[in-house]
Amino acid sequence: MEMFVYQVIESNQLYLSLCIEVDRVYWRKRGADIAILFSTSSIGEAYSWIQNRKDQYIMNGKKPVALSKYHQLFLSWSSLEQEAEKLFNLLQGRALLWSELISFLHKKNIINIKLTLLPILQLLYLENRMEIKPGVTCNDVIYRWTCHRCMSDRKYLRMTDCATCGKQCSMCEQCIWLGRSRTCTPFFLFAPSSIKKEKLISVKPLSLTAAQQKVCEQILSFTQSEEKQFLLWAVTGAGKTEMMVPVIAQIRSEGKKICWVTPRKDVVHELQPRIKRIFPQERVLALYGGSSDLWMEGDIVIATAHQLWRYFQAFDLIIVDEVDAFPLYQNIALEKGIERALSTGGKMILLTATPPRQWLEWSRSGKLPSATLSARYHGHPLPVPKLIQERRLWDKIENRKPITPFNHFIKQVITYQGQALIFVPEIRRVKQVLEWIRENGHGHLAMAGVYSQMSNREEVIRRFRNVELDCLVTTTILERGVTVPKCFVMVLGADNLLFDQAALIQMAGRVGRSSTYPYGEVWFLATERTEGQLQAKKQITYLNRLAKKEGFIRKEAYYQ
Ligand SMILES: [Zn+2]
Ligand SMILES: [Zn+2]
């Protein structure tokens, strides 16, 4: 694609052009002429050229000469304006690479646009309804290299021979699986919609607990405040989806858009139908890699974090779920993506069961408005972990020797007809622990192991969920993901450095979530007592005490 840089004669402004004929007519209509200064096949070059020479052209007072030869625009100006309006309505609030824009248009069945697309885009650019940037900027100053799409710095950028522009071109490896962002690829940021129509929202009635109700009120008053972010610290199994319903209803009734960001695809799958059932008349999308909802228009979008790189100021409320979890936590590119997808004046709610210490400090000092939901929806306290020390734990397991507390744990599981979820710190331990359990008199149990690289991972998890397995040995991949009604958790080697306070709280949080069986046990078995174990127990105890003090624990649950 040929790109131009031009100057409006008698003005200091330099512009990019994808279709110079449009610029000529546009400026003629305003009584000005233009002069082409530079042309290239790479948007990156054109963009850098402007950045580097802006001052030079303006300072020297050079007077460029207008070219006299132009092609004619083959459609009338008024129909160009109409077409631009139509396309803009579809693309508002999107941030798309050239290839994504083409996929988008195909999906919308807009296929006869080949000849008019560049003029339309150019008009939108001139009218400030769209910005054009290169996918990647790589100019002389290496520390300024950046991918405009995912906002990564040079760490993720690689120079490659590019077949598209025939030159050396930089490509971003951070966002590659959403399509290649490179120096010669244009990246478009379409301005968000400014029209918000108030509407009546029909919501399936929900009954909230007193604890949930209190938090909902705090969240609603946050949306009316000047604050931008709100931290909701809700214990595992608090019923956070239900708690978000009033605020979603409120924001939707103002005609505004909402995005619910979650770290994992399986949560998107689970959440989208739930939200759709609660808001039957709203367009609720599920967005993740390979999703069939891609490029659809939604009122409430449930998405994995990477998908937000495709939006520009599109959402008025972004709910960031499990904000402290991988891949979101401390991933600057994803954070920036969320930030960019939020409208000016938009609100962000950060949800977590395990807030990092720093955030709690911000919350205490008033820097970050927040609420704490200390009670589970069923009003039973969180199971407090039992800390059990076992000398030479892994030696014993490696040598297939029995460990008495472990046998007691399994006995409990069998007595209560529960399911055991056994966490181990490393993949290599999964098989080892399974064999050790079998050889220590528990061979009759239906058992399996699971870890991230396993090809039939989903199948094993499904069997555990369907209560076809008595015991599942897992790495931390199931730390947050899986919920079964009668769950008993054992963390083997809880002193491993991988198991920090947050991980241990999440693992403990698998237990007692169901209102039909709000009990179960959590055991941390380790050679050493670590800060992580002690802090996890301390925090769980603190939250239970808080819930009791606030009157959110049901009386009959006190002595369980
Ligand atoms: Zn990138
Ligand atoms: Zn290239």
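For the stretch 26-48, does any single residue satisfy the condition of being over 12 Å from Met3 (Cβ atoms), open to solvent by less than 60 Å² (accessible area, probe 1.4 Å) and modelled with pLDDT under 70?
There is no residue in the stretch 26-48 that is over 12 Å from Met3 (Cβ atoms), open to solvent by less than 60 Å² (accessible area, probe 1.4 Å) and modelled with pLDDT under 70.
Restricting attention to the stretch 257-288, which residues are touching an Asp or Glu at 6+ places or on another chain (Cβ under 8 Å), assigned to a helix (DSSP H, G or I) and either free of Cβ contacts under 8 Å to residues at least 12 places away in the same chain or hydroxyl-bearing (Ser, Thr, Tyr) (or both)?
The one that is touching an Asp or Glu at 6+ places or on another chain (Cβ under 8 Å), assigned to a helix (DSSP H, G or I) and either free of Cβ contacts under 8 Å to residues at least 12 places away in the same chain or hydroxyl-bearing (Ser, Thr, Tyr) (or both): Lys276.
Which members of the stretch 290-309 meet the condition of being in contact with a strand residue (DSSP E or B) (Cβ under 7 Å, 6 or more places away or on another chain), among the small types (Gly, Ala, Ser) and within 18 Å of Lys107 (Cα to Cα)?
Matches in the stretch 290-309: Gly298 only.
Out of curiosity, is Lys204 open to solvent by 70 Å² or more (accessible area, probe 1.4 Å), part of a loop (DSSP other than H, G, I, E, B) and under 30 Å from Thr352 (Cβ atoms)? Spell out how you get there, then give the answer.
Working: open to solvent by 70 Å² or more (accessible area, probe 1.4 Å): yes; part of a loop (DSSP other than H, G, I, E, B): yes; under 30 Å from Thr352 (Cβ atoms): yes.
Answer is yes for this residue.
Here is a list: Leu121, Leu157. Which entry is open to solvent by less than 40 Å² (accessible area, probe 1.4 Å) and either away from ligand 1 (no atom under 12 Å from the Cβ) or free of Cβ contacts under 8 Å to residues at least 12 places away in the same chain (or both)?
Numbers: Leu157 fails: either away from ligand 1 (no atom under 12 Å from the Cβ) or free of Cβ contacts under 8 Å to residues at least 12 places away in the same chain (or both).
It is Leu121.
In the stretch 468-499, how many are within 17 Å of Gln389 (Cα to Cα) and open to solvent by 10 Å² or more (accessible area, probe 1.4 Å)?
Within the stretch 468-499, residues that are within 17 Å of Gln389 (Cα to Cα) and open to solvent by 10 Å² or more (accessible area, probe 1.4 Å) number 3.
In the list Gln82, Gln56, which residue meets the criterion of being assigned by TED's automatic domain parsing to the domain that holds Ile120, modelled with pLDDT of 90 or more and open to solvent by 50 Å² or more (accessible area, probe 1.4 Å)?
Selected residue: Gln82, the only one of Gln82, Gln56 that is assigned by TED's automatic domain parsing to the domain that holds Ile120, modelled with pLDDT of 90 or more and open to solvent by 50 Å² or more (accessible area, probe 1.4 Å).
Consider the stretch 106-157. How many of its residues are closer than 25 Å to Phe88 by Cβ, more than 28 Å from the chain's Cα centre (by Cα) and of a type in the set (A, V, I, L, M, F, W, C)?
Number of matching residues: 11.
Assuming Arg182 fulfils every condition listed in (1) open to solvent by 60 Å² or more (accessible area, probe 1.4 Å); (2) at pLDDT 90 or above; (3) within 16 Å of ligand 2 (Cβ to nearest atom); (4) of a type in the set (D, E, K, R) apart from one, which condition is it?
(1)
Quick check: is even one residue across the stretch 296-308 outside the structural domain of Phe104 (by TED's automatic domain parsing), more than 29 Å from Pro205 (Cα to Cα), in a loop (DSSP other than H, G, I, E, B) and in contact (Cβ under 8 Å) with a residue 24 or more places away in the chain?
No, because not a single residue in the stretch 296-308 is outside the structural domain of Phe104 (by TED's automatic domain parsing), more than 29 Å from Pro205 (Cα to Cα), in a loop (DSSP other than H, G, I, E, B) and in contact (Cβ under 8 Å) with a residue 24 or more places away in the chain.
For Phe230, indicate whether it is touching a residue at least 60 places away in the same chain (Cβ under 8 Å), buried (at least 16 other Cβ atoms within 10 Å of the Cβ), more than 19 Å from the chain's Cα centre (by Cα) and not in a loop (DSSP other than H, G, I, E, B).
Spelling it out, it is not the case that Phe230 is touching a residue at least 60 places away in the same chain (Cβ under 8 Å), buried (at least 16 other Cβ atoms within 10 Å of the Cβ), more than 19 Å from the chain's Cα centre (by Cα) and not in a loop (DSSP other than H, G, I, E, B).
Looking only at the stretch 117-176, count every residue that is under 25 Å from Tyr311 (Cβ atoms), within 12 Å of ligand 2 (Cβ to nearest atom) and of a type in the set (Lys, Arg) and tell me the total.
Looking only at that region, the number is 0.
Hey, among Ser363, Ser370, Ser343, which residue is among the polar types (S, T, N, Q) and touching a helix residue (DSSP H, G or I) at 6+ places or on another chain (Cβ under 8 Å)?
Answer to the check: Ser370.
The values are calculated or read from the model by the stated rules, or taken from the named source; none is laboratory data. Values in this document were obtained by computation on a predicted structure and should not be read as measured data. Quick reminder, even Gly has a Cβ in these numbers, built from the backbone with ideal geometry, and neighbours come from all protein chains shown. With ligands, DNA and RNA removed, areas are computed over all heavy atoms of the protein, side chains included. Shrake-Rupley method; radii C 1.70, N 1.55, O 1.52, S 1.80 Å.
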